[in-house]
Amino acid sequence: MVVKLLGLGDNTVDTYVDRGVQYPGGNAVNVAILTKRLGASADYLGCLGNDEAGDLLFEALSAEGIGLSHIRRVAGANARARIGHRGPDRYFIGSIPGVRGDYGPITDDLDYISGFDLVHTSIYSELDAELPRIAALPPMLSYDFSERWTAKRFDEVLPWIDVAFFSAPKLDEAACIALMRDCASKGPRYVVATRGAEGALGLAGGELLKQPALPANVVDTLGAGDGFISAFLMSICRELPLDAALRAGAGFAADVCGYHGAFGHGASWAEPGA
């Protein structure tokens, strides 16, 4: 079975200001490309600026064979994140959303969206108001809350989605499990919490499992979480059990740490005016 997946929403250009290099990325873009590398037929629907950063994203998506029939090219600056490093670990300096949320009406996209097995979006996609309409369509709906989850956001989003991911590296295990169970009570079939070096926890159908982080040759940690998401989603679409999905996620996350950027396609960058 070839899984048909749509990455819906956010994108960015991850700019390594201390290294003079930039990489195309963003959660929905990363998941589209990484699932394609795992065997999916993947499309991306989002808003790219008409600047150099938007061109970088468009060229990378095209080179990876991602379907772009409904993508928007919008006048204005593309989303961009500024990133620094301490050894192989990154830290975020700041970001601009650019035209990321300038979708306009998505009514004409609904038939297109209906044709996928799974739609993945995120807290950065600026599409929460559209989730009820998307949830009414046939595809499974996956959502990444990243580390920006709040109780209010959980209450607003969880009833509409099938798969919930969030990052909780600062919560102890007991608090994380309690939060996962509360999330599951609000609607999603799967709840996954990633916890950095502590691995991940998965909850489905009342079954709670732990997955340790796997050894990695760490070159760059950017995109590792999206690698986990991608392999997990591919596994559940193929109806693999929870333990296999978590193991696949951990393994692919380790693989993604082995190269620069979330999926490569780096380009040189210089501070404007420098």
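Judged by the mean number of other Cβ atoms found within 10 Å, the most tightly packed of the peptides 248-254, 14-20 leads the ranking 248-254, 14-20.
As a test, work out the antiparallel percent of DSSP beta bridges whose residues both lie in the chain, rounded to the nearest 5. Could the numbers behind the result be given before it?
Details: 24 of 53 bridges.
Of those bridges, close to 45 percent are antiparallel.
Sparsely packed loop sites in region 116-209 (the GluC sites (Glu not before Pro) outside DSSP H, G, I, E and B with at most 14 other Cβ atoms within 10 Å) comprise GLU147.
With N as its number of residues, the chain has a Cα radius of gyration that, divided by 2.2 N^0.38 Å, comes to 0.94.
In this label model, SER62 and ASN217 are separated by 3.3 nm, measuring between points 7 Å along each Cα→Cβ vector.
For the chain, what does the helix formula give at 222 nm: sum of -39500 (n - 2.57) over DSSP H segments with n ≥ 4, over the residue count, nearest 500 deg cm²/dmol? Intermediate results must be reported in sequence, preceding the final value.
On the way: 8 runs with 81 residues, N = 274.
Roughly -8500 deg cm²/dmol at 222 nm, from the helical runs in the chain.
Under a straight-distance cross-link criterion of Cα-Cα below 28 Å, which lysines are reachable from LYS186, leaving out those fewer than 8 residues away in the same chain? List returned: LYS4, LYS152, LYS170, LYS210.
Over the Cα atoms of region 202-274, what is the Rg over Rh ratio if Rh follows Kirkwood? Don't jump to the answer; show the numbers that get you there.
Values: Rg = 15.6 Å, Rh = 13.5 Å.
So for region 202-274, dividing Rg by the Kirkwood Rh gives 1.16.
Would you mind estimating how fast region 1-94 diffuses translationally, via Stokes-Einstein at 20 °C and 1.002 mPa s with the Kirkwood radius over Cα pairs, in µm²/s? The estimated diffusion coefficient comes to 157 µm²/s.
Taking every C-alpha pair closer than 8 Å and separated by at least 6 residues, the mean separation divided by the residue count of the chain gives a relative contact order of 19 percent. Between ASP155 and ALA175, the modelled labels are 2.0 nm apart [label points 7 Å from Cα along Cα→Cβ].
Read-outs throughout are calculated quantities, based only on the coordinates presented, and are distinct from any laboratory measurement. Treat the numbers as computed from the prediction; the structure is a model and nothing was measured. Here the Cβ is made from the backbone with ideal geometry for all residues, glycine too, and neighbour counts use every protein chain on show.
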